[in-house]
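The values are calculated or read from the model by the stated rules, or taken from the named source; none is laboratory data. Just so you know, these numbers come straight off a predicted model, no measurement behind them. Heads up, the Cβs are rebuilt from the backbone with ideal geometry, glycines too, and the neighbour counts pull from every protein chain shown.
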Amino acid sequence: MEPSTPVPPRVRADSPNPITDLHRYREHHGRATADPDGFWLAETRLHVAWQTLPTVGLQGSFHDIAEGPLSWFADGTLNVTESCLDRHLEDRGDKVAILWEGDGGEVVRLTYRALHEQVCRAASALRDLGLRKGERAIIYMGMVPEAAIAMLACARIGAIHSVVFGGFSAEALRDRIRDCGAEILITQDQALRGGKTIPLKQTADAACEGESHIKKVLVLQRTGVKVGWTPGRDVWWHDVVPTADRDHEAVPCDAEHPLFVLYTSGSTGKPKGLVHTCGGYLTWAQYTHRTVFDLREEDVYACVADVGWITGHTYIVYGPLANGATTLMFESTPTYPDAGRYWDMVERHKITILYTAPTAIRALAAQGDAFVTQYDRSSLRVLGTVGEPINPDAWRWYFDVVGEGRCTIVDTWWQTETGGICISPIAPATPTRAGSATLPLPGILPALRTPEGRVVYGPGQGLLCIEQPWPGQARTVWGDHERFVGTYFGMFPGVYFTGDGCRRDTDGYYWITGRVDDVLNVAGHRMGTAEFESALVSADQVAEAAVVGYPHPIKGQGVYAYVVLQPGAPATDDLDAQLNACCRAAIGAHARIDRVQLVPGLPKTRSGKVMRRILRKIAEGQGDQLGDVSTLADPSVVDAIRAGWVDE
Ligand code: 7RM
């Protein structure tokens, strides 16, 4: 069946990775630095299916970012779904686009032709429900193919999707619905994960209670459980999508039209809705996916992240589909039904590229090698990691045991804000080292700076900054450009500050040391200490709270809460459970506190600022190395806190 949509000038996405050795890497990096416009215009014109080819590259700079968002390819127009679907129909119509493995092991294969049809029908259905170009739709789903279909259907209309991870609570979901002004919510009855059900529709209903913008809720049936129903508002996916118009012309969008808003935690306040735009984001997604993983036509590529995070957006959906790859979507967990699940999948699907997180690698390594070695892993070629620093032991286990010493490990550093990978080996080109993200991709100019802003040259340590714009970066914070400028360009004017600390060795290799701000990274989940603290003080018995991270052998970081009770409030046995219930309600099920310490007061400066440095040291078990505490209003509080340190 041919699509009725006019297929744009045929741009095949089958060019192999051009960066095959270190020499070529240096040449490409040099060209992208010297002539970013020329380099990225050539790249995007070749690998993105534009409707109107762009003729301009970057407009604006980090120095005048306060005046407004910068732009890439501003005079081009496109619809990203034509790059991800339509252009593949001729040569890859029968190739598997999405290979879905369900929680219980069921498998669904959607070819490019089938995916194109489903996306067109879903786009027609959403249009019939009233969704228009530029309007926002929230996607609150588990790892089902329909989550990717919903994202692409929004993109086909030119509507802006905001995927909210299925672990988030009703309160967190409500905040996001309100912040982006979404009128449509796409969800499912329940999600399935690791043999457990997650009541998404019930939580979505709670999020819409009271005053809500949401006019329509589109509900996919996953488990068939009976769910609450609001007639006139709620619509079953199976009632409207399969019968909606099969043809849906992709709506042309300007390069800088927003593709999605994705909320992410920062040091302060509520999560920010980072805005990624069509042209630059897709250029970066396909380029980095193709080069870093050294993608080949016959690859079976598996990124086991969740589409609720940026990794799922860029490296399950947009990057792989733009490259015409077979991309696996995995509904379950690494340990269900047992710790052999990934390797069982590798054997059954002959996965060639696997992309996961250090926390999963550490958890699996702790279960012993037999879970791995009983399966055939000879198909594997490239092994990726993302989300947090990978410790050399975990790296070596991944390399030796999982990859049998044959596979390239790509430790990929990037952020929600960067849109895609920024510092990483390029599989065939970059010699790797256990624990290092190695070298910046073409177009990325990292710099290490001292807190005072001085640039550190050569080997050394500092705050990781990026000095020059690249196409994939977030353009702004939804509805609050000032916050975007303040958060990322306030520290060092004219330079993007990542929030990470980093070391550079004598070979110019980068070793990310982790966040230097109040952002926690727990099992690869990014959360703000401020979000925990505001959840804790919402409990009646809590007067004050301060939350910090501490090293955790599996999760990377654990959550340590210092809590001051209200005068007279009793320290009941179920206090921990109550406090965790507050965090679960305010943030979600993934927001668990590992250790609670009741303290008589928090260490504060005379001006009333909590000295988090001290609290971090004590949580890390280094309460005897506090350094200068003379600026404290009441130094005696530190002795009390030190004495009550909770270790396990
Ligand atoms: C993709 C993603 C971003 C934060 C970032 C870092 C940490 C991510 C690595 C890493 C060391 C890595 N987006 N981080 N990748 N640290 N090595 N390879 O994770 O927005 O959720 O988190 O994650 O601290 O700032 S995110």
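Does the stretch 347-357 include one or more residues that are under 26 Å from residue 140 (Cβ atoms) and not aliphatic (A, V, I, L, M)? Checking the stretch 347-357: at least one residue is under 26 Å from residue 140 (Cβ atoms) and not aliphatic (A, V, I, L, M).
To keep it simple, each residue is scored yes or no on (1) part of a helix (DSSP H, G or I); (2) at pLDDT below 95; (3) of a type outside the set (Gly, Ala, Ser).
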{"residue": "7", "(1), (2), (3)": "no, yes, yes"}
{"residue": "10", "(1), (2), (3)": "no, yes, yes"}
{"residue": "18", "(1), (2), (3)": "no, yes, yes"}
{"residue": "33", "(1), (2), (3)": "yes, no, yes"}
{"residue": "43", "(1), (2), (3)": "yes, no, yes"}
{"residue": "56", "(1), (2), (3)": "no, no, yes"}
{"residue": "74", "(1), (2), (3)": "no, no, no"}
{"residue": "83", "(1), (2), (3)": "yes, no, no"}
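Within the stretch 415-430, does at least one residue satisfy the condition of being more than 21 Å from residue 315 (Cα to Cα), more than 9 Å from the ligand (Cβ to nearest atom) and not aromatic (Phe, Trp, Tyr)? So far as the stretch 415-430 goes, no, none of its residues is more than 21 Å from residue 315 (Cα to Cα), more than 9 Å from the ligand (Cβ to nearest atom) and not aromatic (Phe, Trp, Tyr).
Does residue 203 count as within 24 Å of the chain's Cα centre (by Cα) and farther than 24 Å from residue 178 by Cβ? No, not satisfied.
Are any of the residues in the stretch 232-241 at negative phi and assigned to a loop (DSSP other than H, G, I, E, B)? So far as the stretch 232-241 goes, yes, one or more of its residues are at negative phi and assigned to a loop (DSSP other than H, G, I, E, B). Please tell me if residue 251 is over 21 Å from residue 323 (Cβ atoms), surrounded by fewer than 24 Cβ atoms within 10 Å (Cβ to Cβ) and of a type in the set (A, V, I, L, M). Considered against the rule, which asks whether it is over 21 Å from residue 323 (Cβ atoms), surrounded by fewer than 24 Cβ atoms within 10 Å (Cβ to Cβ) and of a type in the set (A, V, I, L, M), residue 251 comes out as yes. The set of residues from the stretch 485-533 being in a loop (DSSP other than H, G, I, E, B), free of Cβ contacts under 8 Å to residues at least 40 places away in the same chain and either within 12 Å of the ligand (Cβ to nearest atom) or closer than 20 Å to residue 441 by Cα (or both) comprises just one member, 507. Taking the numbered list (1) part of a loop (DSSP other than H, G, I, E, B); (2) away from the ligand (no atom under 16 Å from the Cβ) in turn, residue 388 passes all entries but (2).
Each row is one residue, and each column tells you yes or no for (1) free of Cβ contacts under 8 Å to residues at least 60 places away in the same chain; (2) assigned to a loop (DSSP other than H, G, I, E, B).
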{"site": "573", "(1), (2)": "yes, yes"}
{"site": "576", "(1), (2)": "yes, no"}
{"site": "582", "(1), (2)": "yes, no"}
{"site": "597", "(1), (2)": "yes, no"}
{"site": "601", "(1), (2)": "yes, yes"}
{"site": "608", "(1), (2)": "yes, yes"}
{"site": "613", "(1), (2)": "yes, no"}
{"site": "616", "(1), (2)": "no, no"}
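Just one of the numbered conditions (1) more than 9 Å from the ligand (Cβ to nearest atom); (2) crowded, with 20+ Cβ neighbours inside 10 Å; (3) of a type outside the set (Asp, Glu) is not true of residue 412: (1). Each residue in the stretch 292-349 was checked for being within 16 Å of the ligand (Cβ to nearest atom), closer than 20 Å to residue 426 by Cβ and surrounded by fewer than 23 Cβ atoms within 10 Å (Cβ to Cβ), and 0 of them qualify.
In the set (1) closer than 29 Å to residue 179 by Cα; (2) within 12 Å of the ligand (Cβ to nearest atom); (3) part of a strand (DSSP E or B), residue 547 fails one condition alone, (2).
Residues that are under 20 Å from residue 269 (Cβ atoms) and within 16 Å of the ligand (Cβ to nearest atom): does the stretch 601-616 have at least one? No, that holds for no residue.
Selection of first residues in the stretch 63-78 that are surrounded by 13 or more Cβ atoms within 10 Å (Cβ to Cβ) and of second residues that are assigned to a strand (DSSP E or B) and acidic (Asp, Glu), restricted to Cβ pairs under 8 Å at least 6 apart or on distinct chains, gives the following pairs, ordered by first then second residue: 74/254; 76/254; 77/254.
Suppose the filter is part of a helix (DSSP H, G or I) and within 11 Å of the ligand (Cβ to nearest atom); does residue 482 pass it? Judged against the criteria, residue 482 is not a match.
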